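Have a look at the structure below before the remarks.
The values are calculated or read from the model by the stated rules, or taken from the named source; none is laboratory data. What you see is a predicted model, and the numbers here were worked out from it, not measured in a lab. We place every Cβ from the backbone using ideal geometry, glycine too, and count neighbours over all the protein chains shown. For the accessible areas, the whole protein counts, side chains as well, though only heavy atoms, and no ligand, DNA or RNA atoms are used. Shrake-Rupley method; radii C 1.70, N 1.55, O 1.52, S 1.80 Å.
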Amino acid sequence: MITAALRRAAGHRRRFDARFAAYFDTLTDPAGGALDGPQHGRFPARALDLLRDMSLRGGKRLRVAVLHEAAALITDQPVPGLEEAAISLELLQTHGLIHDDIIDGSAVRRGAPSVPQTYRAEYPDRPDTALGLAVLAGDLAAFLSLRVLVTSDLPPGLAAAMVAEQADVGATTVIGQFLDLERDFGPVPDLDFLHAVTEFKTTRYSILAPLRLGLLAAEVDPAPYDRELRRYSSALGIANMLRDDWLDLFGDPAVVGKSLGSDLRSGRRSYVLRALLAADTDESERRILDAALGDPQGDDDTLDRVRSIARRHGIDRAVQADAHRYARAASAVAGSWRTRWRADAVTFFEHMPAWTAERDH
């Protein structure tokens, strides 16, 4: 059943990727609603090139699948507005990834140089310029995510509702970025704080917003179902983040598409590192952890030592077990939808959490 859900998700991704590439073509096509400005300078045109490259480079397209399957809960007929909503969601994702890479100093994203790293390489003697260009590129992606809805042929009421959803979730995501930075100050955060970071930084724009937008496109008001949509999203979001954190220490870098250990090097108190810091480590293990946490120059040998400590204390197994527990909770919520919504889409939402807890990238 998980395989069937993955096939559906792959179909959504394949169709969307072609549409997403065509969207970027329109931004520079005078006959197709071009964005005014890039033709006047190198910097705007280069920013669009980098946005296009990173946006089309890969990613799971989880948001796209959730969006389409949310509409499929209501109908199996084509639903106007899903293409524009999907583009809006993925542009907001591009914005978030660029700003994440600025904040974290990440050099690699989706198996290639990140946008900030590209600018640093292009302007090695102008670090402030490189930083400014990366910030602006991320900002441009955020505004384009709203523009695609405003300039669409959608009914004005639907377009306005979708823009309101995206504007709200964009602001919420920025709040999540603030919380993400705050968790690394002071003592090790408790689980409730980590859950709040996950909720605001990723869950609402990756799961809850696509659910709402899909229902809106299918002409269903999501408000009466808000509580259960939030329950599903929160459980799946935590499972997803637990797996992300697990992959950052225990994954295969060739499959993950970026260097491992970014949480450790940046000193980020992830779910994995919180569990590791709370473990009953001995003095020698503690010295290794204290030296590695927040050291941006930490090498692969250091990462291997930390990984070995984590495995010795069962952190890898415990975090993965938690991911499965939250995935089961999300699946149970989706199962309760069978009496109301279409069975094939409900099945997708039931089985997607298990895949999330086992994915390798």
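For V188, neighbours were defined as the other residues whose beta-carbon sits under 11 Å from its Cβ, and their charges (Lys and Arg +1, Asp and Glu -1) total +1. By the equivalent-ellipsoid construction on the alpha carbon gyration tensor, the stretch 199-242 comes out with semi-axes of 20, 10, 7 Å, ordered largest to smallest.
For the chain, the dipole from Cβ point charges (+1 on Lys and Arg, -1 on Asp and Glu) about the Cα centre works out to 860 debye, to the nearest 20. Residue-wise HN-Hα couplings along the stretch 189-205, as the Karplus relation 6.51 cos²θ - 1.76 cosθ + 1.60 with θ = phi - 60° gives them from phi, are x, 7, 5, 4, 5, 4, 5, 5, 4, 4, 4, 7, 7, 10, 4, 5, 8 Hz; Gly and Pro carry x. Which translational diffusion coefficient, to the nearest whole µm²/s, is obtained for the stretch 116-219 from the Stokes-Einstein equation, given a Kirkwood hydrodynamic radius over C-alpha pairs, 20 °C and 1.002 mPa s? Stokes-Einstein gives a translational diffusion coefficient of 134 µm²/s.
For K60 and A112 in one chain, what is 0.36 nm times their gap in residues minus the Cα-Cα distance, to one decimal in nm?
Working: separation 52, 0.36 × 52 = 18.72 nm, distance 1.57 nm.
Gain on extension, K60 to A112, equals 17.1 nm.
Rounded to the nearest 20 debye, what is the charge dipole size of the stretch 68-203 about its Cα centre when +1 sits on each Lys and Arg Cβ and -1 on each Asp and Glu Cβ?
Numbers: 7 positive and 21 negative charges, 70 e Å.
Roughly 340 debye for the stretch 68-203.
Ranking of D36, D153, D29 by solvent-accessible surface, largest first: D153, D36, D29 (1.4 Å probe, protein heavy atoms only, all chains present).
With the whole protein complex present, H40 retains an accessible surface near 150 Å², based on a 1.4 Å probe. Accessible surface for H195 stands near 40 Å², nearest 10, in the context of the full protein assembly shown (1.4 Å probe).
The distance between label points at R286 and R227 comes to 4.6 nm (points 7 Å beyond Cα on the Cα→Cβ vector). Over every Cα atom in the stretch 112-152, the radius of gyration and the widest Cα-Cα span, Dmax, amount to 12.9, 41 Å. Taking one quarter of the surface of the convex hull spanned by the alpha-carbon atoms of the stretch 1-124 gives a direction-averaged projected area of 9.4 nm².
Accessible area, 1.4 Å probe, largest first: how do T94, T347 sort? Kindly include the intermediate steps, with their values, before the conclusion.
Details: T94 0, T347 25 Å².
Descending accessible area places them as T347, T94.
Working value for the stretch 224-267: equivalent-ellipsoid semi-axes of 29, 11, 7 Å, each the square root of 5 times a Cα gyration tensor eigenvalue, largest first. Computed with a 1.4 Å probe over protein heavy atoms only, the accessible area of S262 comes to about 40 Å².
Remark: relative contact order (the chain) = 19 percent; criterion is Cα-Cα distance under 8 angstrom and separation of 6 or more residues. Extent along the principal axes, Cα only, for the stretch 209-361: 58, 27, 25 Å, with the longest axis given first. Annotation: extensible slack from R359 through D190 equals 58.2 nm (criterion: 0.36 nm per residue apart, minus Cα-Cα distance). Work from the charge dipole of the chain (Cβ charges, +1 for Lys and Arg, -1 for Asp and Glu, about the Cα centre) and give the residue of H12, L133, F193 farthest towards its positive end. Ranked along the dipole, the leading option is H12. Remark on the stretch 63-153: hydrodynamic radius 14.7 angstrom, per the Kirkwood mean of 1/r across alpha carbon pairs. The H on the amide N of R109, modeled in the peptide plane, is under 5 Å from the matching H of S114, each at least 5 residues off or on a different chain.
Put Y232, Y225 in order of accessible area, largest first, 1.4 Å probe: what do you get?
On the way: Y232 0, Y225 55 Å².
Result of the area sort, largest leading: Y225, Y232.
Equivalent ellipsoid of the chain: semi-axes from √(5λ) of the C-alpha gyration tensor, largest first, are 33, 28, 16 Å.
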